[in-house]
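What follows is one structure encoded as structure tokens, with my remarks underneath.
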Amino acid sequence: MPEERPKDYTEHIQLMYDLMALAFQADVTRVITFMVGNAGSNRSYRMVDVREGHHSLSHHRNDEEKMEQIRRINEFHTEQ
């Protein structure tokens, strides 16, 4: 277990998901909320070739290119 949050975002998410799974397995809780990105952080997701910020993309106004980028971000989160 690292002593501080990993610098690599993917590693951080996987660590948090592992902790959530352990909490469920140990029956420590039955409900978990995890904010993947700090609200309004507008994080980009270069690991899936999305350079524009997530929050900006969420206001896509049905722009196909922006919706595709949001889809890649959602797929990344789901795969973790």
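Which angle between 0 and 90 degrees, to the nearest 10, do you get for helix 64-79 versus the longest principal axis of the chain when only C-alpha atoms count?
10
Find how much the distance from Thr10 to Ile32 grows on full extension, using 0.36 nm per residue of separation minus their present alpha carbon separation; answer in nm with one decimal.
So the chain would gain 6.0 nm between Thr10 and Ile32.
Of the accessible area of the chain, with the probe set at 1.4 angstrom, what percent is carbon plus sulfur?
47
Using only Cα atoms and rounding to the nearest 10 degrees, what angle (0 to 90) does helix 9-25 make with the longest principal axis of the chain?
Orientation of helix 9-25: about 40 degrees from the principal axis.
If you roll a 1.4 Å probe over the heavy atoms of the protein chains, what accessible area per residue do you get for the stretch 13-80, in Å²?
Numbers: 4990 Å² over 68 residues.
Here the per-residue accessible area is 73 Å².
The values are calculated or read from the model by the stated rules, or taken from the named source; none is laboratory data. The shown structure was predicted, so the numbers you read here are calculated from the model rather than taken from an experiment. The area values use the complete protein model at the heavy-atom level, side chains included, leaving out ligands, DNA and RNA. Shrake-Rupley method; radii C 1.70, N 1.55, O 1.52, S 1.80 Å.
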